[in-house]
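Report on the structure given below.
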Amino acid sequence: MTGNVWEWCWDRFDEDYYASSPSTNPRGPEAGSGRVDRGGSWGFSAFNCRLAYRDWHLPTSGHFDVGFRLVRSR
């Protein structure tokens, strides 16, 4: 699914957080208004279309190339 639309994540965004974050499943900072988008979309270069690439948006903003994945817990 990578590259179809950006995946909007629950994680908060802080540009400096990832320099010292855990390398496995970093959750983001405890506070902040921006949320992480991962994976790029069809409108971006191949470099951006990978899960390690992160960007951010405010939860109140809407974009035609940002989506989210539903998860069901048993």
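Residue-by-condition table, conditions (1) modelled with pLDDT under 85; (2) in contact with a Pro (Cβ under 6 Å, 6 or more places away or on another chain); (3) surrounded by fewer than 13 Cβ atoms within 10 Å (Cβ to Cβ):
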| position | (1), (2), (3) |
| --- | --- |
| D14 | yes, yes, no |
| S20 | yes, no, yes |
| C49 | yes, no, no |
| V71 | yes, no, yes |
TODO: Kindly provide the set of residues from the stretch 16-68 that are among the acidic types (D, E), assigned to a loop (DSSP other than H, G, I, E, B) and within 19 Å of N4 (Cα to Cα), ordered by number.
DONE: D65
Open item on the list: Residue under question is G28, and the condition is that it be in contact with a helix residue (DSSP H, G or I) (Cβ under 9 Å, 6 or more places away or on another chain), exposed (fewer than 15 other Cβ atoms within 10 Å of the Cβ) and at positive phi; does it hold?
Closed with: no
Open item on the list: Can you say whether W10 is among the aromatic types (F, W, Y), surrounded by fewer than 14 Cβ atoms within 10 Å (Cβ to Cβ), in a loop (DSSP other than H, G, I, E, B) and free of Cβ contacts under 8 Å to residues at least 40 places away in the same chain, as far as the supplied structure shows?
Closed with: no
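The values are calculated or read from the model by the stated rules, or taken from the named source; none is laboratory data. As the structure is a computational prediction, the values presented were derived from the model and not from experiment. As a convention, Cβ positions derive from the backbone with ideal geometry for all residues, glycine included, and neighbour counts pool all protein chains shown.
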